[in-house]
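*Asks:* Sharing a structure with you now.
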Amino acid sequence: FGGLRSDIVLSGVECHGSEFSLGHCLHEEIGDIHCPGERDNIASVVCTQEMADLVIDAEEIERTTHLDDRQLYFLQCAMEENCLASQAYKIQQEQPYSWHLETRRLLRFTARILNAGTADFRPSVPKHLWEFHQCHM
């Protein structure tokens, strides 16, 4: 963003999130710059009228949380994606003929996410670059 080429105009900025603009945040006098440390240690602010705001529905997580015992046979996709504890992979190596019969206890829940913002949520990676594992095809 050109930080090394820009002049520092504001320092000692402290915002709480309810401000309408950067000017409403606490800060030192404009032009009175005090930046300890290296000159490259800077931050940038981009203000926008619209933004996604993802909110987790904690009540849905609490309502749907439960324990589920599953054989490793039914967790092969999770294993391929490295989603299980290291003990599961150890069992797979030590018991090559019966590992799939061992069980794991899973903490399961539904995650409901609401976009309470004023713009669509756009992941940082474009959709055409998303990676889907074979077991989800």
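*Asks:* Of the residues in region 120-137, how many are among the polar types (S, T, N, Q) and surrounded by 10 or more Cβ atoms within 10 Å (Cβ to Cβ)?
*Replies:* Residues that pass the stated criteria total 0.
*Asks:* Pick from Leu114, Leu101: which is modelled with pLDDT of 95 or more and under 30 Å from Glu50 (Cβ atoms)?
*Replies:* None of the others qualify; the one that does is Leu114.
The values are calculated or read from the model by the stated rules, or taken from the named source; none is laboratory data. Keep in mind the model is a prediction, meaning the values are calculated, not measured. Every residue, glycine among them, receives a Cβ derived from its backbone with ideal geometry; neighbour counts consider all protein chains shown.
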